[in-house]
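Here the structure comes first, spelled out in structure tokens, and everything after it is commentary.
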Amino acid sequence: MKIDIMGVLFDNVTMDEAVSRGAELIKEHAGAYCVTPNAEIAWEAMHDESFRSIVNGSDLVLPDGAGVVMGAKILNRPLKQKVAGIEFADHMAAHLAKNQGRLYLLGSKPGVAELAGEKLCRKYPGLVICGTADGYFSEEKPVIEKINAAKPDVLFVCLGAPKQEKFMASHRKELDVGLMIGLGGSLDGFAGNVKRAPKWMIRCNLEWLYRLMKEPKRLGRMMRLPKFIRACKKQHRLEVKNG
Ligand code: UDP
């Protein structure tokens with residue numbers, strides 16, 4: 001079931017349900033794509049119609065941040081839980097390892113995808129990394145050819161938003177893959193270059209504060225989070241008024 005949060009249609013799923021849906025999409029092998037918007041990206045989608053239709057046109061829209069879950073609660077359309085993109089990706093890697101599936105890693109600076117692949121294989125023996133490429137390319141055609149030659153079941157697309165969403169939506173027909181997942185900076189996370197917040201901070205919905213402390217230049221982008229929450233409150237007041 002979809003839940004409309006400020007025009008972004010999120011799938012109301014638990015992590016287990018998201019993984020089951022991901023597994024189905026891999027089986028269908030029809031170039032499906034999954035997006036993982038946090039509140040900043042949802043704010044972007046609210047204000048950019050063409051980006052919003054790319055997000056809403058995807059096969060799986062997962063609520064990546066506490067901000068989205070909070071917005072859903074304010075709007076009185078609660079989501080079952082936060083489904084963080086990097087955790088979903090980790091579960092999909094485990095699923096592939098169990099099923100002799102093939103994973104291709106695209107994005108981040110040169111060397112990061114290879115390192116992320118090594119760490120994932122160490123964590124999930126049996127996982128096949130069928131190819132890697134960095135995310136700083138000028139032409140897309142050779143990148144697509146390289147991916148198709150590797151025949152992946154799953155493609156992690158880590159180019160940052162909105163570049164990764166546009167890449168997945170515009171090439172889904174040419175790409176011979178089961179499922180693409182847009183994952184922002186997750187390869188940096190898997191490679192160990194960027195640490196996730198301590199567990200207690202994730203539990204207290206403070207992951208955004210940890211990221212801000214590590215990368216103060218994100219402040220401008222992060223200001224979209226309180227703006228998003230304010231917009232949800234305003235929308236809720238309007239919906240109550242209009243019955
Ligand atoms: N990136 C890339 N190609 C580009 C721009 C960005 O591969 O042209 C990568 C960048 O190296 C980083 C990721 O995309 O690994 C974006 O990370 P960020 O944390 O900004 O993404 P978020 O998860 O916040 O969307």
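The values are calculated or read from the model by the stated rules, or taken from the named source; none is laboratory data. Predicted model, so just to flag it, every value in this text is computed and none were measured. As a convention, Cβ positions derive from the backbone with ideal geometry for all residues, glycine included, and neighbour counts pool all protein chains shown.
With respect to (1) out of contact with any helix residue (DSSP H, G or I) (no Cβ under 6 Å at 6 or more places or on another chain); (2) at pLDDT 95 or above; (3) among the hydrophobic types (A, V, I, L, M, F, W, C); (4) over 24 Å from Lys166 (Cβ atoms), the lone exception for Met1 is condition (2). The set of residues in the range 26-47 that are within 12 Å of the ligand (Cβ to nearest atom) and of a type in the set (Val, Ile, Thr) comprises Val35, Thr36, Ile41. Residue check, Arg224 against (1) over 17 Å from the mean Cα position of the chain (by Cα); (2) away from the ligand (no atom under 16 Å from the Cβ); (3) surrounded by 14 or more Cβ atoms within 10 Å (Cβ to Cβ); (4) within 22 Å of Ile86 (Cβ to Cβ), all met but one. Which one? Result: Arg224 fails condition (2) only.
Residues that are surrounded by 19 or more Cβ atoms within 10 Å (Cβ to Cβ) and among the charged types (D, E, K, R) within the range 184-210 comprise Asp188, Glu207, listed in sequence order. Within the bounds of the range 70-88, is there any residue that is crowded, with 19+ Cβ neighbours inside 10 Å and at pLDDT below 95? Checking the range 70-88: not a single residue is crowded, with 19+ Cβ neighbours inside 10 Å and at pLDDT below 95.
Does Ile229 meet the test of being hydrophobic (A, V, I, L, M, F, W, C), outside any helix (DSSP H, G or I) and surrounded by 12 or more Cβ atoms within 10 Å (Cβ to Cβ)? No: the conditions fail for Ile229. Those helices (runs of 4 or more DSSP H) of the range 157-217 in which at least 3 residues are within 11 Å of the ligand (Cβ to nearest atom) and at pLDDT below 95, considering only elements entirely within it, cover 207-214.
If you go through the range 37-53 and keep only what is more than 17 Å from Gly220 (Cα to Cα) and among the polar types (S, T, N, Q), you end up with Ser50, Ser53.
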